[in-house]
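Asker: Dropping the structure in here first, questions after.
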Amino acid sequence: SQQGEEDPQALSIQEGENATMNCSYKTSINNLQWYRQNSGRGLVHLILIRSNEREKHSGRLRVTLDTSKKSSSLLITASRAADTASYFCANHGSSNTGKLIFGQGTTLQVKP
Amino acid sequence: SQTIHQWPATLVQPVGSPLSLECTVEGTSNPNLYWYRQAAGRGLQLLFYSVGIGQISSEVPQNLSASRPQDRQFILSSKKLLLSDSGFYLCAWAKGGGGDGYTFGSGTRLTVV
């Protein structure tokens, strides 16, 4: 399978705490993307990190990429109850087809 | 601005019945189009993708087919549904090679009974 893995599979934290989700992938990448999915809804693109980048920030989101370990992490700082959702990483390979290979996701619950 | 429409939102179909799910994109031209399926509590599995009208690539052998009759229209079909076709189907589009991210539709929950 080309799909990577994410851990933890589920994470429960209190509002205000930070949440860290990890993602490993198997093939070479052009970039690594993170998406959010609210229950029963479509996915929303959060942030993208290119293979030549090591860290990227967007608001309360911080993404790191370690291509030598084929891994990425997503940190959400100062979490809010509204951050409760599933989070997926997706591997964009070097291809004109633009295929994304998604991980299995981390379900985050933020308790108020 | 670009928008993507996917319908219906939910569908309950008997085993052996046909299926047609439609996805349309507005506000862009020549998008790459994708169909994914998501099993309950799982990640997304790429089913089909299309880089142009009439060009369909299948990722996994299955009971489904896809067509792209117009530039911004992507249809997922089946002649006879199986129980195992149940799931959450998501359409997405991306510009060019998809390197800037996908935009997803709101999904169709299909239950085959």
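Asker: Name the residue farthest towards the positive end of the dipole of chain A from the options A:Gln109, A:Asn38, A:Asn18, assuming +1 on Cβ of Lys and Arg, -1 on Cβ of Asp and Glu, about the Cα centre.
Answerer: A:Asn38
Asker: Just how large is the dipole of the range B:3-112 about the Cα centre, in debye to the nearest 20, putting +1 at every Lys and Arg Cβ and -1 at every Asp and Glu Cβ?
Answerer: Working: 8 positive and 6 negative charges, 46 e Å.
So the dipole magnitude of the range B:3-112 works out to roughly 220 debye.
Asker: Considering chain B as a Gaussian network with a 10 Å cut-off on Cα pairs, which listed residue, B:Gly41, B:Gly96, B:Gly87, attains the greatest mean-square fluctuation?
Answerer: B:Gly41
Asker: Two decimals is fine: what's Rg over Rh for the protein assembly as shown, C-alpha atoms, Kirkwood radius as Rh? Display every interim value, and only then the final one.
Answerer: Values: Rg = 17.5 Å, Rh = 18.0 Å.
Rg/Rh: 0.97.
Asker: Could you compute the longest span of chain B free of trypsin sites (Lys or Arg not before Pro) located in DSSP loops and having at most 11 other Cβ atoms within 10 Å, not counting the site residues?
Answerer: Working: sites that count: B:Lys79, B:Lys80.
Between the exposed loop sites, the longest stretch runs B:1-78.
Asker: What is the pair-distance distribution P(r) of the range A:52-108, computed from all Cα-Cα distances in 10 Å bins starting at 0, with each bin given as a whole percent?
Answerer: Taking all Cα pairs of the range A:52-108, the binned fractions are 19, 47, 30, 5 percent.
Asker: Now a separate question. Hey, if we sort B:Trp7, B:Trp35 by accessible area with the 1.4 Å probe, largest down, what's the order?
Answerer: Numbers: B:Trp7 115, B:Trp35 0 Å².
These residues rank, largest area first, as B:Trp7, B:Trp35.
Asker: Same structure again: In whole percent, how big is the carbon plus sulfur part of the accessible area of the range A:5-111, probe 1.4 Å, protein atoms only? All intermediate terms of the calculation are to be shown ahead of the outcome.
Answerer: On the way: 2170 of 4990 Å².
That share works out to 44 percent.
Asker: Choose one answer from A:Gly42, A:Gly16, A:Gly59: the residue with the largest mean-square fluctuation in a GNM of chain A with alpha-carbon springs under 10 Å.
Answerer: Highest fluctuation among the options: A:Gly59.
Asker: What is the percent carbon and sulfur in the accessible area of the range B:3-112, measuring with a 1.4 Å probe over the protein chains and ignoring ligands?
Answerer: On the way: 2530 of 4750 Å².
Of all accessible area on the range B:3-112, carbon and sulfur atoms account for 53 percent.
Asker: On to the next question. Could you run the numbers on buried accessible area between B and A, total for both chains, 1.4 angstrom probe, in Å² to the nearest 100?
Answerer: The contact between A and B buries close to 1700 Å².
The values are calculated or read from the model by the stated rules, or taken from the named source; none is laboratory data. Quick caveat: nothing in here was measured; it's all calculated off a predicted structure. We place every Cβ from the backbone using ideal geometry, glycine too, and count neighbours over all the protein chains shown. Just the protein is used for accessible areas: all its heavy atoms, side chains included, with ligands, DNA and RNA removed. Shrake-Rupley method; radii C 1.70, N 1.55, O 1.52, S 1.80 Å.
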